[in-house]
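The values are calculated or read from the model by the stated rules, or taken from the named source; none is laboratory data. Quick caveat: nothing in here was measured; it's all calculated off a predicted structure. We place every Cβ from the backbone using ideal geometry, glycine too, and count neighbours over all the protein chains shown.
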Amino acid sequence: MGNLLEGKSALILGIANRWSLAWYIAQAFVREGARLAITYQGERQRATVEELGAELGAALVTSCDVTQDEELAELTSSLEAAFGKLDAVVHSIAFAHREDLSRPFLETSKSGYLVAQEVSAYSLVSVSRAVARLMAQGGSIVTLSYLGAVRVVPNYNVMGVAKAALEACVRYLASELGSSGIRVNAISAGPVKTASARAVQGFSSMLDHVASRAPLRRNADPAEVADAALFLASDLGRGVTGNVLYVDAGYQIMGM
Ligand code: NAP
């Protein structure tokens, strides 16, 4: 047990199961003394996430589909009632239609493009707007991105474009919210086997490719992603905003 987040309250969006990056982040936050609120999307996930919330000792486990404004408003009220103020938010959410992660990018439909943008990029803006008033004493917002935002990764396609928008949202939000003492950053994580990742065709070969070429000659561990989120959410990260921090065993520096 540490105390990097002692006395701080945090909201974590995007725990689906024990493989989720958000689950590792939640465990690291609890280890360092944070009080947690976690959310699930709809009834389908309720039982699983309530069970995980109980294991974490979460103060609040509630439903929130980030595409629904009224659910975001309810989340803000519940957080205010539970904590009064909020110190940290982790946005670990993305979605694209499975067929858009396997067929040629040129074939992306307008509806597939828009849903990827809405859930994976715009939701950082709507979540930030919903929580900002609870961060009157400052705070940290962290989202999860991937290298496909800035390089072409086979089959990542529409999600790469959404991550590019997400990283731009990080910069605009950081610029606007900085005067309120709110920092906004992204972690660009190397590939980790999760439910979302498995939707990308050929995902397993990505793991092999990274392990053979990354400077550290392995993939990033989700616990390493969690520790980076901890750094950004804690006072250790107080001088960092608008940044994309790569936690990928160094893979992104390689040209060949
Ligand atoms: P995950 O466990 O499948 O998490 C994705 C989460 O997004 C799920 O909890 C999912 O909920 C949630 N979500 C989707 N649509 C939502 C909506 N409308 N409202 C609320 N929640 C919604 O996969 P993950 O890999 O940990 O993904 C977390 C983040 O890390 C994503 O942004 C992903 O792009 C990013 N990332 C992942 C990797 C990787 O290799 N795994 C690498 C870099 C970045 P449901 O399950 O209920 O739909």
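Within the range 103-138, can you find the residues that are β-branched (Val, Ile, Thr) and either at positive phi or touching a residue at least 24 places away in the same chain (Cβ under 8 Å) (or both)? Give the derivation first.
Taking the range 103-138 first, the residues β-branched (Val, Ile, Thr) are 108, 115, 119, 125, 127, 131.
Thr108, Val119, Val125, Val127, Val131 - these are the residues of the range 103-138 that are β-branched (Val, Ile, Thr) and either at positive phi or touching a residue at least 24 places away in the same chain (Cβ under 8 Å) (or both).
Quick one: which of Ala165, Ala174, Ala136 is assigned to a loop (DSSP other than H, G, I, E, B) and either over 27 Å from Ser204 (Cβ atoms) or more than 12 Å from the chain's Cα centre (by Cα) (or both)?
Ala136 is the lone residue from the list that is assigned to a loop (DSSP other than H, G, I, E, B) and either over 27 Å from Ser204 (Cβ atoms) or more than 12 Å from the chain's Cα centre (by Cα) (or both).
Does Val131 satisfy being within 13 Å of the chain's Cα centre (by Cα) and part of a helix (DSSP H, G or I)?
When the stated conditions are applied, Val131 does not pass them.
Out of (1) modelled with pLDDT of 95 or more; (2) surrounded by fewer than 23 Cβ atoms within 10 Å (Cβ to Cβ); (3) not charged (D, E, K, R), the odd one out for Ala88 is which?
Every condition holds for Ala88 apart from (2).
How do the helices (runs of 4 or more DSSP H) wholly within the range 22-128 filter down when requiring 2 or more residues that are in contact with a His (Cβ under 8 Å, 6 or more places away or on another chain): which remain?
110-117
Suppose the filter is more than 20 Å from Pro222 (Cβ to Cβ) and more than 14 Å from the ligand (Cβ to nearest atom); does Gly33 pass it?
Judged against the criteria, Gly33 is a match.
Working carefully through the options Ala130, Ala94, find the one that is within 14 Å of the ligand (Cβ to nearest atom), surrounded by 18 or more Cβ atoms within 10 Å (Cβ to Cβ) and over 19 Å from Leu245 (Cα atoms). I'd like the intermediate steps shown before the answer.
Working: Ala94 fails: over 19 Å from Leu245 (Cα atoms).
Residue meeting the stated conditions: Ala130.
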